[in-house]
Structures are given as C-alpha cells and as structure tokens.
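All remarks here apply to the structure that follows.
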Amino acid sequence: MTRIILVASTVFLLAGLALMGYYVASGTTVDADGFLVEEFWAGGLGILLVFASLVGYVLWGLVKLITLSRSR
C-alpha cells in the first residue's frame with residue numbers, strides 16, 4: 001500500500017508541476033474586447049495536484065511511522 005501512495009503522490013507532483021509550467025509558459029493576453037485570456041484552469045489544477053501530492057507524502061510517512069512503531 002505504501003508503494004501505491006508513494007507512486008501516486010509522485011505522479012501527482014510531476015503532473016502538477018507540468019501544469020503550472022504550462023500555465024506560466026502560455027502567458028496572458030488581452031483580446032480585442034478587453035477580456036483577459038489565460039489558461040487559468042492549468043494553474044488551479046496544478047496547485048491542486050501539488051497539494052494532493054503533499055497530502056499523499058504525509059500519509060505515506062504516517063503509514064511508514066505506524067508500521068515501524070508496531071513492528072517493535
């Protein structure tokens with residue numbers, strides 16, 4: 001179970017960083033009507049995935065700590 005949590009957290013972290021990189025690289029523009037055009041979904045989803053990966057790493061650490069303390 002700990003390997004699944006660790007792999008999923010790593011995938012979430014890499015995907016989140018890639019989405020945030022896409023958000024920064026895509027830039028923002030203003031169209032002819034004066035509306036701001038940006039890839040806001042990529043930034044928000046990237047932050048959400050990075051946060052989910054941090055929660056997963058904390059959960060992985062707690063599971064490892066509990067299994068280590070129970071084995072003694």
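The values are calculated or read from the model by the stated rules, or taken from the named source; none is laboratory data. This is a predicted model, so every value here is computed, not measured. Every residue, glycine among them, receives a Cβ derived from its backbone with ideal geometry; neighbour counts consider all protein chains shown.
Say whether the condition of being at pLDDT below 95 and within 18 Å of the chain's Cα centre (by Cα) is met by at least one residue in segment 8-15. Checking segment 8-15: not a single residue is at pLDDT below 95 and within 18 Å of the chain's Cα centre (by Cα).
Got at least one residue in segment 31-40 being charged (D, E, K, R) and in contact with a strand residue (DSSP E or B) (Cβ under 9 Å, 6 or more places away or on another chain)? Looking for residues that are charged (D, E, K, R) and in contact with a strand residue (DSSP E or B) (Cβ under 9 Å, 6 or more places away or on another chain), one finds at least one in segment 31-40, hence yes. The single condition from (1) out of contact with any Gly (no Cβ under 7 Å at 6 or more places or on another chain); (2) of a type in the set (A, V, I, L, M, F, W, C); (3) in a helix (DSSP H, G or I) that L49 fails is (1). Within segment 1-16, being surrounded by 13 or more Cβ atoms within 10 Å (Cβ to Cβ) and either within 12 Å of G43 (Cβ to Cβ) or among the polar types (S, T, N, Q) (or both) holds for S9, T10, G16.
With the structure loaded, tell me whether A25 is assigned to a helix (DSSP H, G or I), more than 30 Å from T67 (Cβ to Cβ) and in contact (Cβ under 8 Å) with a residue 24 or more places away in the chain or whether it fails that test. When the stated conditions are applied, A25 does not pass them.
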